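Scroll down for the structure; my scribbles are underneath it.
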Amino acid sequence: MLRSIAELAAYGTFAVLLTAASLAPQPGSAESSATTMTSSTPSTGIAAQPAVAITTRGALLFATKGCTGCHTHVSFPNARMQVGPDLTAVAERAATRVTGLDARGYIRQSLREPGAFRVAGYTAVMPDLRLTDEQIESLTAYLLSSAR
């Protein structure tokens, strides 16, 4: 048991480092200037930021908050432990899960209230990650954009 916990911790640390390195802006590229440019608004701090920056931050959060410990996703091909649903094309499925909620609303509520919805076939309960509104928006943007 301790060995598997240690392996999971080591994997998480490694995943964070690899993700951070792969998401770091490359000098001189058009994308790097777009991802580092921010002009936040006083209300949320993220509304005026480029979508690329928010999505990139969401991908980094997906790795650092431990989402890959329970969910698989095409962006993280080495994530193998799946106690929660595959989130690769969650935007397509989320739009049809709850009447009255679009995909964005469903994902946001799932992140704010992890026990609000249960997916058939999965018994694990998603933990409350105590995400800020900005983190929820970043993760939501990432999950909605990554339906590839």
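The values are calculated or read from the model by the stated rules, or taken from the named source; none is laboratory data. Since the model is a prediction, treat every value here as computed from it, not as a measurement. Quick reminder, even Gly has a Cβ in these numbers, built from the backbone with ideal geometry, and neighbours come from all protein chains shown.
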Selection within region 87-132 - of a type in the set (A, V, I, L, M), surrounded by 14 or more Cβ atoms within 10 Å (Cβ to Cβ) and under 18 Å from Thr72 (Cα atoms)
Leu87, Ala89, Val90, Ala91, Ala94, Ile107, Leu111, Met126, Leu129
If only one of Gly69, Gly105 is within 26 Å of Ala53 (Cβ to Cβ), over 13 Å from the mean Cα position of the chain (by Cα) and not basic (Lys, Arg), which one is it?
Gly105
From the set of residues in region 54-80 that are basic (Lys, Arg) and at pLDDT 90 or above, which is nearest to Ala141 (Cα to Cα)?
Arg57
Can you tell me how many residues in region 39-52 are assigned to a helix (DSSP H, G or I) and either surrounded by 20 or more Cβ atoms within 10 Å (Cβ to Cβ) or modelled with pLDDT of 90 or more (or both)?
0
Being in contact (Cβ under 8 Å) with a residue 40 or more places away in the chain, assigned to a loop (DSSP other than H, G, I, E, B) and not hydroxyl-bearing (Ser, Thr, Tyr) narrows Leu143, Leu101, Leu129 down to just Leu129
Being β-branched (Val, Ile, Thr) and not in a helix (DSSP H, G or I) narrows it down to one of Thr123, Thr68, Thr55, so name that one.
Thr123
Residue check, Arg93 against (1) in a helix (DSSP H, G or I); (2) within 13 Å of the chain's Cα centre (by Cα), all met but one. Which one?
(2)
